[in-house]
Structure formats: C-alpha cells, structure tokens
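So the structure is just underneath, and the comments pick up after that.
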Amino acid sequence: MIRTESSASSRLPNPSTLPLIQLPAWQALVDHHRSMSARHLRQFFADDPQRGERLQVEAAGLYLDFSKNRITDETLTLLVDLAEHCGLRERRDAMFRGDPINTTEKRAALHTALRAPADVNIVVEGVNVVPQVHAVLDRMADFAERIRSGEWRGHTGKPIRNVINIGIGGSELGPVMAYEALRHYSQAGLHLGFVSNIDPNDLVEATRGLEAAETLFIVCSKSFHTIDTLTNARAARAWSLAQLGDERAIASHFVAVSTNTEAVAAFGIDPAHMFALWDWVGGRYSMDSAIGLITMIAVGPEHFRAMLAGFRAMDEHFHSTPLARNMPVLMGLLAIWNNNFLGAETLAVLPYAHDLKRFPAYLQQLTMESNGKHVTATGQAVSASTSPIVWGEPGTNGQHSFFQLLHQGTRLVACDFIGFSRSQNPLADQHDLLMANLFAQSEALAFGKTAQALMTESVDEARVAQRVCKGNRPSNTLLAERLTPYALGALVALYEHSVFTQGVIWNIDSFDQWGVELGKVLAQRIVTELADTSDAPLTHDSSTNTLMRRYQGQRKEPS
Ligand SMILES: O=P(O)(O)OC[C@H]1O[C@](O)(CO)[C@@H](O)[C@@H]1O
C-alpha cells in the first residue's frame, strides 16, 4: 500500500538546514535504491500482474500510467516522505496564496491566479489581483473578436489578415506551442506568424510577401527591455512604415503585451493598445496571460477560456489532492528518482501528436530555466544534481531518428510519452497506427528483448548481441481523450507543478533566471566592439578576440 501524507517520518522536525543529501528521508531513498536497483521492470511486472492497473492516476482529464518506472510501492512511500520533509505542501500552499516564493526577486509566482475563477480572492501586496486578471482577459477577448471578425481595420481601412507575434523565450514559446497544438481550432483566413530570433532572417522571412496594410504586430515582452524583441519590433516598425509611409499607421498595426507601460509608450505604442501582465507572472509561466493574445486570436476567446479551465482543473487537483495520489507531485518525484537515484540525466518528451511538435521546446524553457540552478534559495551549493536536460520530438518522427539510442545506447534516458485516444482528423486507420507505435515503444523500452527470446526465433547467432534490447528503461505515459484546449491547459499545468515539485525538493528558486544575464551583458559589450572599425586592441581571451577579428574581416563586402 502507498502511505499518504501522515507518514511517521513526516512528523520529524524539519531538517531543512541540512544539505538535501544528508536528510534522513534522502538517505532512506539511497538505501532503498541500493536494495532494489538490480531488479528489472520485467520482474516488477511478473511479480505484480496488476501493476499496470494500479500505478496510475487520473486528473483533469489526463491519465498517467507510471507503472513502467523502476519503482516499488516503498519507493513511492519514501519519495512522498521526502516531499513532506522538504515542505512541499507548505510551499505549494504558499505559492497559491501569493507569498513571495520567488525569494531572489522578492516576488510571488502566481501563474495560478491567471486561471482563477472570478470570485476568488488572491491578495498581492494588499490588492486582490483576480479582478485585474479578468479585466485583461475581457479586453483580450474584445480585441481578439475584433481582429477575427475583420472589425479592426488597418491604417488604410483594410481588415487584418496577418498577425505576427514578436517575442522570445516565454513571450514566444508558450504562444507558438499553443498555436501549433490547437491548429484544429484556429480561425481560417488569418495568417499567424512568430518572430523571435534577433537573426534578421527570422523577421525578413516572416514578413516576406505580406502587405503591411493587412498586418498586425503584437510586441510581446514582459520587461520590454529584451534586446532581441525590441530590435525586431523596430525593424517591423520600419518595414510597416516603408509600405504605409505614415507614422500614424503604427497605432492600428502595433499592440503590446507588457508590464512596462513607460517603455511601451516610449517605443511609440499607445498604452491604450497595451495588454498588461504583472511581475508575479514568470515569463515561462505566462502563456495563459495576455502573452497568449495571439493564441486567443487564433482559437477565439471561448477556446482560450476552455484552455484556462484545463489549467484550473489541474491546479485544483494539485492544490487539494493528497501527495501520494497527486499527479504533478508524482511526476515531479519520479523525475527526482530517475535523475538523482537512477542517474538519468535527460528527459525525452515524446508527444504522439504532431501538433505538439513545439511542446518539447516549450518544456525546455519551463524546466531548465526554472530548475537549472547550482545553489539553493539561500545561496548554498546544491548537494544533488538539479534539472534534467529536456529534449524531444513528436513520435513517430523521433523513432526514425534518435530512438536507437533510447533502446540500445549506453545512457539511461527517462521518457514521457504523450498520446490521445481520438484524432482531430481521423484518416483511415492512421491514428491507430500512431498510437500502436506509442504503446510499442514504451513496451519495448521497458521489457526489451533477451538473447534467449531471440534464439527461439532462430535469429542468426552472430547477430544476437546486436539485436538484444536490455529494456528496463523508465517511462511515463500520459493519455487524454483528445488534444483539446482543455487538455492542453491541463497538460501544461501538470508540467508546471511537476517542475515546482522538483524545485522544492532541491530547495532552489524555480522562478528566477540569473544565469542568462551574463551572456546578455557580454553581448552588449561585444556588439559595440564589433562596430568599432579602429584597430583598438580587443581585451577578451585569445579565442574570443580571434573569432571577432575573423568575423570583422569576413563580414566586409568583397571589394
Ligand atoms: O518577455 P521578456 O521580458 O522580453 O523576456 C523574454 C525571456 O527572456 C528571459 O528573461 C531570459 O532571457 C526569459 O525568462 C523570458 O521569458
């Protein structure tokens, strides 16, 4: 039996001043791992014929089968004990309450307020933020409908046919992922594009052949300081003006999403055309805020609200369900187990839904920007590895690319399979074929193929070694009925809370991202130096100096 929250060790004094790996709850897992690590998934299933029916949990329309992990009931009990020791329930409640859990930036991390029902009270610095959230949602809905219906006119009186989101990181990855995921629900007749990279090719290709008179840009930047986004926005402005020839055109072709009204106004966008968000929304947790404006334009306000309902259903499950039956908690704790105890350094995210093709990229930021940390929230070096490296591709494409390594490589890779029981676009038996591949891959990874089994199939003896698949590779399988807006919301919230759970165990601040600053500062300095055509000596290391000189030499037009 899986024990629940009131286990004996959870009543021990909180030893949080000890490094994680010295906690008795961690040590208990180390001992437990030693005692069971030689067992194979084949044996786990043979010993317990009901394992696949038992080790599952359902929430918000999602079904998680976690039976193909190398765990026993005791593993789960010990992991839940660890979560108790680390104060997961208290930290979770603090997040939902709006406490400043982003300690290094002294802010709340209140993405859950973005999908809270209108009658809920969530107070940040003395103000209930929920009415503000709903007021912005209503403005977004009004604007989205005006674009979709053609009521919003461009400077020359033409309706908008192209909407381009300019933003990067959390101001692009969520919207583009959701746009792709919900293509089935998108408005026909509107062309939606995304420009993120400071590489000029991105903007040039995204605008090639478009008419500025029919094009709306959404400049999406929480800070409105991000150089990539502002540079692209300026170039987009110049592109628009080159065709429209009138500064006044900007008003009907540019809107902004930001916390920074002053910078938006300084850029030349009327603050009346700005959609607000708040500093308590982290960039990578913002796809359900006004950052999702382009998503709402694509799928319409009703579907956007259905997506929020999916988020909310998973929030409620995470907030109220005992840890041992709590889907995001279990996912987070299994991730800790696979990473810190089994040594799986990477997580492959494998959606068997082509429309989720940007989901692995979205999860890369969510997971690695949140949990790629080397010190605890109080500044001590962490004692265990933090975020796994997240990567992935949709199945079946990935199967014909990197699955060889998953099955027979020397590294252990944890896998998350994601699939849906019904296709949005049924076509003969193609969906069955797709899902057959998902089930086959997770089965093959878990159980492999022994030399003995190969021999009974009269395989050439000389090739048996090459054909053996050892199996015992852990995976989760997530199933939902269909890839609807609701299911997408639930799925994203599931991963948000799983990432949170892992961050609590490691005692890191999952909501800051100081590591990305150093490169930004250096780039600012280098760009000035690249522009300097004098022969002033460069003062970087010899590698950087040589690369810069070579670049300066080659970028000159041949005379
Ligand atoms: O929305 P902004 O402020 O332009 O930031 C974009 C992205 O840049 C980052 O700050 C990292 O550089 C991300 O956290 C964020 O999502």
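What the table below lists for this structure:
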| quantity | calculated |
| --- | --- |
| Long-range amide H partners of Ile418 with built H, under 5 Å | Leu350, Tyr352, Leu478 |
| Per principal axis, descending, Cα span of segment 268-347 in whole Å | 53, 27, 23 |
| Rg(Cα)/(2.2 N^0.38 Å) for segment 115-304, N = residue count | 0.98 |
| Rg(Cα) / (2.2 N^0.38 Å) computed for segment 425-546, rounded to two decimals | 1.93 |
| Top positive-direction residue, dipole computed over the chain with Cβ charges, set Thr501, Gln513, Pro360 | Pro360 |
| Percent of beta bridges antiparallel (DSSP, segment 115-304, rounded to nearest 5) | 15 |
| On Cα atoms only, tilt of 88-97 relative to the major axis of the chain in degrees | 20 |
| Fully extended contour minus Cα-Cα distance, from Thr156 to Gln27, at 0.36 nm per residue | 39.5 nm |
| Cβ crowding within 10 Å averaged over residues, with 345-353, 382-390, 197-205 ranked highest first | 345-353, 382-390, 197-205 |
| 0 to 90° range, to nearest 10: angle between helix 430-447 axis and the chain longest Cα axis | 50 |
| Distance violations [Cα-Cα > 23 Å] among Lys106/Lys373; Lys68/Lys449; Lys106/Lys357; Lys222/Lys520; Lys373/Lys520 | Lys106/Lys357 |
| Alpha-carbon centroid distance for the pair segment 483-559 / segment 302-365, whole angstrom | 26 |
| Ranked packing of 447-458, 162-173, most packed first, by mean Cβ within 10 Å | 162-173, 447-458 |
| Helix-only mean residue ellipticity at 222 nm for the chain, each DSSP H run of n ≥ 4 adding -39500 (n - 2.57), per residue, nearest 500 | -13000 deg cm²/dmol |
| Residues Glu517 and His40, FRET efficiency given R0 of 45 Å [Cβ-Cβ distance, rounded to 0.05] | 0.50 |
| Which of Leu522, Thr546, Ile164, positive extreme of dipole for the chain (C-beta unit charges) | Thr546 |
| Long-range amide H partners of Thr156 with built H, under 5 Å | none |
| Restricting segment 206-311 to trypsin sites (Lys or Arg not before Pro) in coil, as DSSP defines it, with at most 10 other Cβ within 10 Å | Arg208 |
| Helix 301-320 axis, angle to the chain major axis (alpha carbon atoms, nearest 10°) | 40 |
| Residue-wise HN-Hα coupling along segment 419-425, computed from phi with Karplus coefficients 6.51, -1.76, 1.60 (Hz; x: Gly, Pro) | x, 10, 6, 10, 8, 6, 9 |
| Orientation-averaged projected area, Cα convex hull of the chain (nm²) | 31.9 |
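Here, each number is a calculation from the coordinates, and none is a lab measurement. Since this is a predicted model, take the numbers as computed values, not measurements. Heads up, the Cβs are rebuilt from the backbone with ideal geometry, glycines too, and the neighbour counts pull from every protein chain shown.
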